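The values are calculated or read from the model by the stated rules, or taken from the named source; none is laboratory data. What you see is a predicted model; the values in this text were computed from it and never measured. Cβ placement follows ideal geometry from the backbone for every residue including glycine, while neighbour counts extend to all protein chains displayed. When the accessible area is computed, the model is the full protein with side chains, heavy atoms only, and any ligands, DNA or RNA have been set aside. Shrake-Rupley method; radii C 1.70, N 1.55, O 1.52, S 1.80 Å.
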Amino acid sequence: MNTTALTPGKHVVVTDFDGGEGILVDLNTKKYYQLNETAMAVWKALEQGKSVGEIANDMTANYEVALDNATRSVERILDNFQTYKLLTAR
Amino acid sequence: MPVDAVVVDGRPGLTWMNMSGIELKEPFFQQTVDRVREQEPWRDAGLFTEFDALLQLDQLLARVEPAGFIFHSSRCGSTLVANGCRALDNAIVLSEANAIEKLLARFITDGGDPVKESLYSVLLRAVVNALAHRGRDDVRVFVKFSPCGISQLERIRRIWPDVPWVFLYRDPVETIVSNMTTVPAWLLDEDHRILAHITGTTPADVAEMSLEERCARSIGNFFATAHSLANDNSLLLNYNQLSLTSILDFFNVSPSAEELDRIASGSRIYSKEVAGVREFVPDAEVKQKSASDRVRQLAQQFAMGPYNLLEHGEGL
């Protein structure tokens, strides 16, 4: 998956909380989502236009995790974001 | 400004009023709202939004870190302290504002759901931020919570870990007598869920309790919570040792001579008086003498132990 084609939706408001976690609000559905620290890091990276590879590399730099595991985590989180229609194409 | 947290057609959210240029000069926030509604009804357009509007607004506002929190166990000088803070230049006091208090209550009524807990924490931070923005950058913001607020101290500290907080308390007999003379809304607690949580009982139990017992159990819990959560960032102060200057000093505020004059003249006035003309009269002795045996027994049974912990660091 190439995240450069995806970006956080304009219909989504994100608020950080508690030193790394976050709350997302989908303004279209009025649904709220709680993001853990990892998902929040992915969301912020998406806001900066980073690719899956770049986000996974960031994770390996910040956490003790192998690159392939980090990549799978990022892809899983992105799948969730897409399932809930929180991302839009650039 | 968000002036209340309400549910409209099953949708939880906030009501808003145009409070631009309005000074929050009354002892309680809702008194200011009532005054504005009466004098300038055009400011209340009945605007209701769901909470997402608050979070959108929060994105646009710089984050305001409160200068201090005021917790109390009811009828123990907290309004006097709030008025003292209000007398400072460039200070606002959010005193028991409905929007804040009702969000705090939701931690109890919707408790046990971690997503909701995080959401309410974010909303609470945002509502304080929205209330604190008064068009200036140099405002010192103090938040005074209702007595039940201390029961949510852990959550509040999680949101604002660095904000200093004071807890004001008073002899339990005097506190109960005062609350029986004029029964406050927190003690009536419509569906009893809040008091059940605070007293560790059930809403049915609370419904069966006399008001004296509800009060004794509640303030005992307030004392115990404040004692157990006190840290380097807290000041626990008895009504009989109340000192505005020491509290302001604790809040890192050094009042000017003019500010001290205003605080001194304000402290001679009965603190809850909106008009600011009824003079304050010390009443501890009167309250002690008028306490019934039942009040003394309830105070002893439910509040004296935690009170002594605050006073002496040990239960008796």
Open item on the list: I'd like to check something: does the stretch A:36-47 contain any residue that is farther than 18 Å from B:Val122 by Cβ, touching a residue at least 24 places away in the same chain (Cβ under 8 Å) and among the hydroxyl-bearing types (Ser, Thr, Tyr)?
Closed with: yes
Task: Scan of the stretch B:163-183 for residues that are surrounded by fewer than 23 Cβ atoms within 10 Å (Cβ to Cβ), hydrophobic (A, V, I, L, M, F, W, C) and within 18 Å of B:Ala226 (Cβ to Cβ), ordered by number - done: B:Val163, B:Val166
- [ ] Quick one: count up the residues across the stretch B:45-70 that are touching a strand residue (DSSP E or B) at 6+ places or on another chain (Cβ under 7 Å), within 11 Å of chain A (Cβ to nearest Cβ) and aliphatic (A, V, I, L, M).
- [x] 2
Task: Enumeration of residues in the stretch B:71-110 that are within 15 Å of B:Val166 (Cα to Cα), of a type in the set (Gly, Ala, Ser) and in contact with a strand residue (DSSP E or B) (Cβ under 8 Å, 6 or more places away or on another chain) - done: B:Ser73, B:Gly77, B:Ser78, B:Ala82, B:Ser95
Open item on the list: Looking at B:Val122, B:Val127, can you tell me which residue is surrounded by 17 or more Cβ atoms within 10 Å (Cβ to Cβ), at pLDDT below 95, within 14 Å of another protein chain (Cβ to nearest Cβ) and under 20 Å from the mean Cα position of the chain (by Cα)?
Closed with: B:Val122
Open item on the list: Going through B:Asp113, B:Asp137, B:Asp191 one at a time, which residue ends up being closer than 30 Å to A:Val25 by Cβ, acidic (Asp, Glu) and within 14 Å of chain A (Cβ to nearest Cβ)?
Closed with: B:Asp113
TODO: Taking the residues in the stretch B:32-68 that are more than 14 Å from B:Met1 (Cα to Cα), assigned to a loop (DSSP other than H, G, I, E, B) and modelled with pLDDT under 95 as candidates, determine which candidate is least open to solvent (accessible area, probe 1.4 Å).
DONE: B:Val64
TODO: Among the residues of the stretch B:286-316, write down those that are surrounded by fewer than 17 Cβ atoms within 10 Å (Cβ to Cβ) and touching a His at 6+ places or on another chain (Cβ under 9 Å).
DONE: B:Gly313
Open item on the list: With the structure loaded, tell me whether B:Gly135 is at positive phi and either touching a residue at least 60 places away in the same chain (Cβ under 8 Å) or open to solvent by 20 Å² or more (accessible area, probe 1.4 Å) (or both) or whether it fails that test.
Closed with: yes
Open item on the list: Here's a check for you: in the stretch B:184-196, which residue that is touching a helix residue (DSSP H, G or I) at 6+ places or on another chain (Cβ under 7 Å) and open to solvent by less than 80 Å² (accessible area, probe 1.4 Å) is farthest from B:Ala216 (Cα to Cα)?
Closed with: B:Asp191
TODO: Could you pull out the residue among B:Glu154, B:Glu213 that is under 30 Å from A:Asp16 (Cα atoms), of a type in the set (D, E, K, R) and open to solvent by 20 Å² or more (accessible area, probe 1.4 Å)?
DONE: B:Glu154
Task: helices (runs of 4 or more DSSP H) (entirely within the stretch A:6-89) containing at least 1 residues that are of a type in the set (Lys, Arg), away from chain B (no Cβ under 14 Å) and exposed (fewer than 15 other Cβ atoms within 10 Å of the Cβ) - done: A:67-83
